[in-house]
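The values are calculated or read from the model by the stated rules, or taken from the named source; none is laboratory data. Being a predicted model, the structure only gives us computed values, none of them experimental. Heads up, the Cβs are rebuilt from the backbone with ideal geometry, glycines too, and the neighbour counts pull from every protein chain shown.
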Amino acid sequence: MTVLASALNTADPEYREHREAMLAKLAALDTEHAKALAGGGEKYVERHRGRGKLLARERVELLLDPDTPFLELSPLAAWGSDYTVGASLVTGIGVVEGVECLITANDPTVRGGASNPWSLRKALRANDIALANRLPVISLVESGGADLPSQKEIFIPGGAVFRDLTRLSAAGIPTIAVVFGNSTAGGAYVPGMSDHTIMVRERAKVFLGGPPLVKMATGEESDDESLGGAEMHARVSGLADHFAVDERDALRQARRVVARLNHRKAHADPGPAVPPKYDEDELLGIVPGDLRTPFDPREVVARIVDASDFDEFKPLYGTSLTTGWATLHGYPVGILANARGVLFSEESQKAAQFIQLANQRDIPLLFLHNTTGYMVGKEYEQGGIIKHGAMMINAVSNSRVPHLSVLMGASYGAGHYGMCGRAYDPRFLFAWPSAKSAVMGPQQLAGVLSIVARQSAAAKGRPYDDEADAALRAMVERQIESESLPMFLSGRLYDDGVIDPRDTRTVLGLCLSAIHTAPYEGARGGFGVFRM
Ligand code: COA
């Protein structure tokens, strides 16, 4: 039998404690997600509705097939910055006429839907996802263009948005723009670079320069409609392929366009998705509030994979990394999960071997993070921990099967890299509210800084102020702690979202389905030199 046994006892006070801690973090997360949903706030939402317009998420909802899920991405973008949480843009994956699409929608209630540096990062991340997974892109456009006060951050890199649209098209990935309002200046190149365009009567404004700018530039008198209205673009310029009488008609027409795309998934539907044997709700009580306490990741695996069925690979070797095979919503996956925090040489070599096997067999990999990094110390350095960690990082970097990463707990140091952190291009990366990620733990980092300062003072023959040191350590600890938290990292687009642990299986299932839209083949060779 390869069905995992569980030692989790829901009556145990520890389980309850972990669960309470997780629920408190989820409540805090809900508060932040609510900010994204609130957009520009009541005043601007009412004004928008008063103009007879639908909100960004209502547009998305009407576009999607009824009762199908929408996997929203980067909802906390801009968290911790001066900009509104969500970054005036909604992005995500949803099903339109049976086709999984990458959908973006400007939120016109936030500064006229203008793009700030975080909106730009979020849009570019969405484009990357569309390209990697061959998902048609539907842009629901109503935007004041560049956020003018922050233009220096976005004007030059922002050109990539339009570049991406035409590169997607060149790769045979359909792009559709539905214009509900302002889409001027650079914004005009969203419909301009899309394969299919739909514009809403008396609402769409698609021009390089509006009437005041034209007046300034050439002296010509003009108006919005003649410069860039839907009627003009549908009848005269030809930029609009479809003329919609209102917003709902535009969304209906967008669905018809998708229905005729003949966009096919590269992979056949997966096998049956047998639910796990254990309750997903119990995922709330596994991760300890204090990440220094280890937990068995098999308890997590047992609650996310089909039938809790897991064939472990090398279970007796390198035991602080659990590796093995399973299916998730019918899709085969190889799982690497940190068991006791630290990665030693054995774990690193086991990981490198396992990643190569997954590539030989064309099996996607799922990385479940809870690592404090690679082991330090004389014994380990002499044992070649750098070489062995390098093998693992080589394998992850040059692996060509799709990767998924979930940060459950700690994800520190080069361990974050070896476990396919953001810079290693996992197709999707999500964090639990319990996750923390940084170069090292806050206490360790503050301690290292203090030792370095003390040594530096000694070298200069200066006395060391212990009181000031304690205050500095406390300050650094607080700073690093706050910068390690998932909301902070999500705000900076270092993940694709912070998720409720109970949703992990569903989220990964949606990602695996999206991933299987594109063909993939594991690396048969092509790894760098494995330093032995
Ligand atoms: N950058 C920064 N802030 C912007 C902005 C932009 N591009 N566009 C709008 N805003 C702000 C407005 O200043 C206003 O702020 P306030 O309410 O604090 O005063 C808020 O967003 C709402 O704008 P408002 O003009 O009241 O909304 P609207 O729905 O009536 O009109 C636009 C929206 C986008 C049509 C209009 O604001 C506009 O034309 N903006 C400039 C467009 C432009 O030329 N952009 C440069 C393109 S590269």
Scanning region 80-102 for residues that are within 20 Å of T166 (Cα to Cα) and either more than 14 Å from the chain's Cα centre (by Cα) or within 14 Å of the ligand (Cβ to nearest atom) (or both) gives E100, C101
If only one of Y520, Y464 is of a type in the set (S, T, Y) and touching a helix residue (DSSP H, G or I) at 6+ places or on another chain (Cβ under 9 Å), which one is it? Y464
Exactly one of (1) over 22 Å from R422 (Cβ atoms); (2) crowded, with 18+ Cβ neighbours inside 10 Å is unmet by T504. Its number? (1)
Filter result (within 16 Å of the chain's Cα centre (by Cα) and not hydrophobic (A, V, I, L, M, F, W, C)) within region 387-410: P402, H403, S405
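Restricting attention to helices (runs of 4 or more DSSP H) lying wholly within region 1-112, give those where 3 or more residues are touching a helix residue (DSSP H, G or I) at 6+ places or on another chain (Cβ under 9 Å) and crowded, with 18+ Cβ neighbours inside 10 Å.
Numbers: elements: 13-38, 42-50, 56-63.
Helices (runs of 4 or more DSSP H) meeting the threshold: 13-38, 56-63.
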Only one of I363, I386, I355 is at pLDDT 95 or above, part of a loop (DSSP other than H, G, I, E, B) and not small (G, A, S), namely I363
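Here is a list: V406, V376, V396, V448. Which entry is buried (at least 18 other Cβ atoms within 10 Å of the Cβ), among the hydrophobic types (A, V, I, L, M, F, W, C) and out of contact with any Ser or Thr (no Cβ under 9 Å at 6 or more places or on another chain)?
Working: V406 fails: out of contact with any Ser or Thr (no Cβ under 9 Å at 6 or more places or on another chain); V376 fails: buried (at least 18 other Cβ atoms within 10 Å of the Cβ); V448 fails: buried (at least 18 other Cβ atoms within 10 Å of the Cβ).
Among V406, V376, V396, V448, only V396 is buried (at least 18 other Cβ atoms within 10 Å of the Cβ), among the hydrophobic types (A, V, I, L, M, F, W, C) and out of contact with any Ser or Thr (no Cβ under 9 Å at 6 or more places or on another chain).
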Counting just the residues of region 24-79 that are closer than 24 Å to I129 by Cα and among the polar types (S, T, N, Q), which one comes out nearest to the ligand (Cβ to nearest atom)? S74
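Could you list, in sequence order, the residues of region 128-144 that are over 28 Å from Y44 (Cα atoms) and touching a helix residue (DSSP H, G or I) at 6+ places or on another chain (Cβ under 7 Å)? Before the answer, list the steps.
First, pick out the residues of region 128-144 that are over 28 Å from Y44 (Cα atoms): 128-136.
Residues satisfying the conditions are A130, L131, N133, L135, P136.
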Is there any pair with a first residue in region 510-532 that is within 12 Å of H329 (Cβ to Cβ) and modelled with pLDDT of 95 or more and a second that is among the aromatic types (F, W, Y) and surrounded by 16 or more Cβ atoms within 10 Å (Cβ to Cβ) whose Cβ atoms are under 6 Å apart and which are 6 or more apart or on different chains, and what are they? C511/F428; L512/Y331
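Within region 397-446, count every residue that is assigned to a loop (DSSP other than H, G, I, E, B) and touching a helix residue (DSSP H, G or I) at 6+ places or on another chain (Cβ under 7 Å).
From region 397-446, those assigned to a loop (DSSP other than H, G, I, E, B) are 399-402, 419-421, 425-427, 432-435, 439-441; that's our starting set.
Restricting the remaining residues to those that are touching a helix residue (DSSP H, G or I) at 6+ places or on another chain (Cβ under 7 Å) gives 399-402, 420, 427, 432-435, 439-440.
The total comes to 12.
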